[in-house]
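Everything below concerns the one structure shown next.
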């Protein structure tokens with residue numbers, strides 16, 4: 001089955017793959033923050049350009065990126081429709097009683113560009129390092145332990161959860177259940193999802209036992225092989241400069 | 001042989017009122033292999049969970065290597081008594097094999113170098129040396145079972161407890177696991193329904209039913225006692241003429 005692995009291409013070789021994950025996460029987070037704070041539409045295109053450049057440099061196939069970007073695009077389409085028709089301003093296009101406002105269109109374009117750029121930047125940030133190393137990097141940069149454990153267990157058990165879900169739905173289908181748009185389907189779906197949650201809860205108890213039996217006391221402790229060199233800082237400086245540049249250009253008009 | 005586990009009048013009641021263990025008395029000796037058999041719900045897993053303090057005795061005494069299993073010495077107990085759970089996906093909860101095998105030694109406070117050596121030796125012990133960087137969810141079931149063993153061997157325990165070690169394994173993986181278990185000289189307690197496995201690696205068998213020990217003796221004698229086995233919902237192993 002298809003597994004939602006963000007680190008599917010972590011084995012490739014690129015300047016982003018060889019970059020220390022700690023510096024990479026911090027630098028690209030600064031870039032993401034910078035992009036989402038942009039207010040000038042023209043400069044936002046520059047932010048998008050930077051994001052596309054980093055995806056290109058990461059060698060992650062664009063087909064893989066687009067597959068994961070489709071959910072963002074789905075929300076963006078809804079945003080375009082709602083904002084273009086509801087934000088007051090000069091009419092860009094008029095269709096009988098409907099009017100698409102220029103301000104609404106520009107606002108939705110601005111938000112869309114920011115969102116797409118931010119999501120695109122996730123790929124060079126997390127897709128170029130094995131997920132376990134990204135977690136260790138987050139641990140090193142003092143992200144709260146609880147959050148890291150949450151991410152780690154989600155990543156480890158999402159695959160099992162999906163397998164379990166598939167098994168439950170296959171079992172239902174094998175006994176003649178057909179998904180329809182009616183109340184009975186909703187009821188069955190509710191039962192199946194409920195069963196999935198009960199099983200997941202049982203599993204969490206067993207995992208907790210296994211952790212306790214190996215000395216777990218609430219804190220996650222791991223070893224890592226992360227090493228820093230001047231190249232990591234140079235790449236970091238370049239990306240942070242890239243993050244500041246659109247703002248400087250914006251101020252200069 | 002010196003006594004390594006001493007259990008006296010152990011009782012345990014689950015929060016829902018189910019009496020899982022009723023007056024268990026058991027001794028296990030150093031380097032002995034003991035099989036724990038019984039029908040489903042007999043209390044096998046509950047008994048095993050008492051041996052490294054995951055469940056606290058409701059009444060009675062559990063002593064491991066001369067230490068009473070109490071909160072204050074729980075880390076020492078857990079280092080010496082290792083449990084491999086039935087389902088490997090419950091045992092392998094870290095993103096990579098290395099992290100999983102290193103989890104116990106790190107929690108025990110081993111220095112970094114010792115952790116790395118322990119991981120290497122444990123993986124070598126289960127013949128999976130090249131798997132350090134692999135993700136647990138990409139392993140086959142048999143590989144997961146072996147790595148599960150490594151996760152506790154890295155803690156260098158003195159007592160190894162295995163809950164249904166061969167369940168869901170294909171014949172080849174089962175055979176490999178049995179060979180592996182035979183090669184370990186440490187004290188073993190094996191719980192399960194795979195009576196051939198128990199006959200193959202255990203000198204002594206303890207039969208548990210409804211929370212009580214109903215038989216405790218030489219593996220071949222207990223497992224070949226047809227009336228005893230059948231009266232407790234079990235069958236003779238095929239090799240003993242079932």
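The values are calculated or read from the model by the stated rules, or taken from the named source; none is laboratory data. Given the structure is predicted, the values throughout are model-derived calculations rather than measurements. Reconstructed Cβ throughout: ideal geometry from the backbone, glycine too, with neighbour counts over all protein chains shown.
A few comments on the model shown:
- Scanning the range B:51-79 for residues that are assigned to a helix (DSSP H, G or I) and more than 13 Å from chain A (Cβ to nearest Cβ) gives a single hit, B:72.
- Looking across the range B:2-60, the residues that are on the phi > 0 side of the Ramachandran plot and surrounded by fewer than 21 Cβ atoms within 10 Å (Cβ to Cβ) come down to B:9, B:17, B:23, B:31, B:41, B:60.
- Selected residue (criterion: nearest to the other protein chains (Cβ to nearest Cβ)) from residues of the range B:108-120 that are touching a helix residue (DSSP H, G or I) at 6+ places or on another chain (Cβ under 8 Å) and over 22 Å from residue A:131 (Cβ atoms): B:108
Residue-wise test of (1) touching a helix residue (DSSP H, G or I) at 6+ places or on another chain (Cβ under 7 Å); (2) modelled with pLDDT of 90 or more.
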site: B:33; (1), (2): yes, yes
site: B:46; (1), (2): no, yes
site: B:52; (1), (2): yes, no
site: B:70; (1), (2): no, no
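- Positions within the range B:165-185 being surrounded by 16 or more Cβ atoms within 10 Å (Cβ to Cβ) and out of contact with any helix residue (DSSP H, G or I) (no Cβ under 9 Å at 6 or more places or on another chain), in sequence order: none
- A single entry from A:47, A:94, A:89, A:99 fulfils the requirement of being more than 14 Å from every other protein chain (Cβ to nearest Cβ) and assigned to a helix (DSSP H, G or I): A:47.
- Of residues in the range B:80-105 being in a helix (DSSP H, G or I) and surrounded by fewer than 22 Cβ atoms within 10 Å (Cβ to Cβ), the one farthest from the other protein chains (Cβ to nearest Cβ): B:80
Here is a yes/no grid of residues against (1) over 22 Å from residue B:139 (Cα atoms); (2) assigned to a helix (DSSP H, G or I):
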| position | (1), (2) |
| --- | --- |
| A:157 | no, yes |
| A:162 | no, yes |
| A:165 | no, yes |
| A:169 | yes, yes |
| A:176 | yes, no |
| A:181 | yes, no |
| A:184 | yes, yes |
| A:191 | yes, yes |
| A:194 | yes, yes |
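- Some residue of the range A:128-135 being more than 14 Å from every other protein chain (Cβ to nearest Cβ), touching a residue at least 40 places away in the same chain (Cβ under 8 Å) and crowded, with 21+ Cβ neighbours inside 10 Å: yes
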